[in-house]
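**Q** I have a structure here, written as structure tokens, and I will follow up with some questions on it.
The values are calculated or read from the model by the stated rules, or taken from the named source; none is laboratory data. The shown structure was predicted, so the numbers you read here are calculated from the model rather than taken from an experiment. Because the Cβ atoms are built from the backbone with ideal geometry, glycine has one as well, and the counts that use them run over all protein chains shown.
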Amino acid sequence: MMLLMKSPEVQLLGITVITGNSWRDEEVAHALRMVEGLGRTDIPVFAGAVFPLIRTAEETRLFDRLYGKVSFLGAYTDTNAPVGWDKVDPARMPEGLPKIHTADENAAQFMVRMVHAHPHQVTIMALGPLTNVAIACRLDPHFAELAQELVLMGGSLNPQTNAAEWINRPRHEFNFWFDPEATSIVLREKWAKVTTTTIDVSIKTRAEPEVLDGLAKAHSAAAQWVTKYTPRPLFPNYLWDEMAVAAWLDPSLILGERFVYMDVATDHGAAYGDTLIYTEADKPSLTPSQVHAITDVDLPRLQKMIVERLSVEKE
């Protein structure tokens with residue numbers, strides 16, 4: 001979000017929030033405090049869906065018993081359970097609680113309103129689970145076709161890694177997995193363009209030491225915010241969302257991509273939430289979206305771009 005805020009070629013219309021790594025209300029509080037801390041309270045924050053369309057915590061825990069443990073459960077982890085979906089624990093807010101509030105409109109309605117106000121000019125930057133975007137698609141059948149582009153951080157093709165999360169489940173990726181039905185709805189819409197940064201490329205990125213050390217030397221509000229509130233050592237040490245934003249801002253950073261038709265498994269078995277990909281030859285009759293799936297990046301230039309943009313004192 002800071003990278004978007006600090007990029008002069010971007011008009012950031014608003015920030016929409018969804019349950020993902022943590023519950024929605026805690027994520028909302030972090031977003032509000034960030035715009036306060038950076039002096040950008042002109043950017044509205046919109047609360048979205050609290051729960052996935054169908055997946056529940058109970059079913060997810062049953063999945064563990066039937067098919068094996070998933071290494072990261074996001075808001076469904078045991079550490080989030082004592083907090084609850086409708087509470088914000090001040091102890092989990094080292095930056096302090098926000099003084100400002102979210103906009104009255106919900107996230108899906110805001111996105112629909114924006115694509116109608118600016119037809120074919122709005123990029124939807126969806127860097128978490130896709131519940132809000134799916135609801136917008138269901139609210140307005142013209143939503144996807146009126147957007148300029150959809151950019152995702154999600155999906156997994158064949159990542160080359162020994163990391164426990166993917167070595168035995170290479171098609172597993174948290175954002176798509178957390179709300180598989182929403183992901184499938186979104187990927188079956190008729191977007192002008194869909195780009196996603198997959199696990200394959202995300203695990204090739206690195207924030208520490210290059211990015212964090214570079215920002216620690218800068219004096220901008222954004223650099224100081226990241227330096228103060230990013231724990232070190234950082235694990236995992238990947239530039240997940242920053243990679244997706246940077247590749248959209250500067251496509252020349254992309255060194256490898258595959259053009260595939262992409263969907264997600266929604267049958268409630270062992271593969272529930274896994275990424276599905278097809279070629280032109282074997283795609284299903286109910287064709288999902290063709291996706292620019294990014295698989296490689298110019299890492300030194302990516303790191304340099306993040307440090308330079310977040311280090312600028314003013315936009």
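**Q** Give me a count of the residues in the stretch 306-315 that are exposed (fewer than 14 other Cβ atoms within 10 Å of the Cβ) and either touching a Lys or Arg at 6+ places or on another chain (Cβ under 9 Å) or at positive phi (or both).
**A** We begin by selecting, within the stretch 306-315, every residue exposed (fewer than 14 other Cβ atoms within 10 Å of the Cβ); these are 308, 313-315.
Add one more test, that the residue is either touching a Lys or Arg at 6+ places or on another chain (Cβ under 9 Å) or at positive phi (or both), and what stays is 315.
Qualifying residue count for the region: 1.
Every residue, every condition in (1) charged (D, E, K, R); (2) more than 21 Å from the chain's Cα centre (by Cα); (3) closer than 24 Å to residue 186 by Cβ; (4) buried (at least 20 other Cβ atoms within 10 Å of the Cβ), yes or no:
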{"position": "218", "(1), (2), (3), (4)": "no, yes, no, no"}
{"position": "234", "(1), (2), (3), (4)": "no, no, no, no"}
{"position": "242", "(1), (2), (3), (4)": "yes, no, yes, yes"}
{"position": "257", "(1), (2), (3), (4)": "yes, no, yes, yes"}
{"position": "286", "(1), (2), (3), (4)": "no, yes, yes, no"}
{"position": "304", "(1), (2), (3), (4)": "yes, yes, no, no"}
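**Q** In addition: Are there any pairs, at least 6 apart or on different chains, whose C-beta atoms fall under 7 Å, with the first in the stretch 285-306 and closer than 15 Å to residue 250 by Cα and the second aromatic (Phe, Trp, Tyr) and surrounded by fewer than 19 Cβ atoms within 10 Å (Cβ to Cβ), and if so, which?
**A** Pairs that qualify, where the first residue is closer than 15 Å to residue 250 by Cα and the partner is aromatic (Phe, Trp, Tyr) and surrounded by fewer than 19 Cβ atoms within 10 Å (Cβ to Cβ), are 292/259.
**Q** Then there's this: Against the definition (within 30 Å of residue 290 (Cα to Cα) and touching a Cys at 6+ places or on another chain (Cβ under 9 Å)), how does residue 242 come out, yes or no?
**A** On the way: within 30 Å of residue 290 (Cα to Cα): yes; touching a Cys at 6+ places or on another chain (Cβ under 9 Å): no.
So residue 242 does not fit the description; no.
**Q** If you take the residues in the stretch 71-96 that are over 19 Å from the mean Cα position of the chain (by Cα) and of a type in the set (A, V, I, L, M), which one is nearest to residue 28 (Cα to Cα)?
**A** Step one: filter the stretch 71-96 for residues over 19 Å from the mean Cα position of the chain (by Cα), giving 78-96.
Within this subset, residues satisfying the condition of being of a type in the set (A, V, I, L, M) are 81, 83, 88, 91, 93.
Values: 81: 18, 83: 15, 88: 9, 91: 15, 93: 11 Å.
Out of the qualifying residues, it is 88.
**Q** Being within 29 Å of residue 249 (Cα to Cα) and over 21 Å from the mean Cα position of the chain (by Cα), is that true of even one residue in the stretch 42-63?
**A** Yes, some residue in the stretch 42-63 is within 29 Å of residue 249 (Cα to Cα) and over 21 Å from the mean Cα position of the chain (by Cα).
**Q** Go through the residues of the stretch 89-102 one by one and say whether even a single one is modelled with pLDDT of 95 or more and buried (at least 19 other Cβ atoms within 10 Å of the Cβ).
**A** Yes - at least one qualifying residue is present in the stretch 89-102.
Residues checked against (1) at pLDDT below 95; (2) closer than 22 Å to residue 157 by Cβ; (3) touching a Ser or Thr at 6+ places or on another chain (Cβ under 9 Å); (4) among the small types (Gly, Ala, Ser):
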{"position": "214", "(1), (2), (3), (4)": "no, no, yes, yes"}
{"position": "217", "(1), (2), (3), (4)": "no, no, yes, no"}
{"position": "222", "(1), (2), (3), (4)": "no, no, yes, yes"}
{"position": "228", "(1), (2), (3), (4)": "no, no, no, no"}
{"position": "265", "(1), (2), (3), (4)": "no, yes, yes, yes"}
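**Q** Could you identify the single residue in 10, 115, 35, 83 that is over 30 Å from residue 267 (Cα atoms) and modelled with pLDDT under 95? Walk me through it before giving the result.
**A** Working: 10 fails: modelled with pLDDT under 95; 115 fails: modelled with pLDDT under 95; 35 fails: modelled with pLDDT under 95.
Being over 30 Å from residue 267 (Cα atoms) and modelled with pLDDT under 95 holds for just one of 10, 115, 35, 83, which is 83.
**Q** Follow-up. Would you be able to say whether some residue in the stretch 138-146 is under 21 Å from residue 20 (Cβ atoms) and among the charged types (D, E, K, R)?
**A** Yes: one or more hits.
**Q** Another one. Inside the stretch 159-186, can you point out the residues that are among the aromatic types (Phe, Trp, Tyr) and more than 16 Å from residue 262 (Cα to Cα)? Outline the logic, then answer.
**A** So in the stretch 159-186, the residues among the aromatic types (Phe, Trp, Tyr) come out as 166, 174, 176-178.
The answer is 166, 178.
**Q** Is it true that residue 116 is more than 21 Å from the chain's Cα centre (by Cα), touching a residue at least 24 places away in the same chain (Cβ under 8 Å) and within 21 Å of residue 186 (Cβ to Cβ)?
**A** yes
Let's see how each residue does on (1) touching a residue at least 60 places away in the same chain (Cβ under 8 Å); (2) of a type in the set (D, E, K, R); (3) farther than 30 Å from residue 70 by Cα; (4) surrounded by fewer than 17 Cβ atoms within 10 Å (Cβ to Cβ):
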position	(1), (2), (3), (4)
120	yes, no, yes, yes
133	no, no, no, no
145	no, yes, yes, yes
170	no, no, no, no
176	yes, no, no, no
184	yes, no, no, no
187	yes, no, no, no
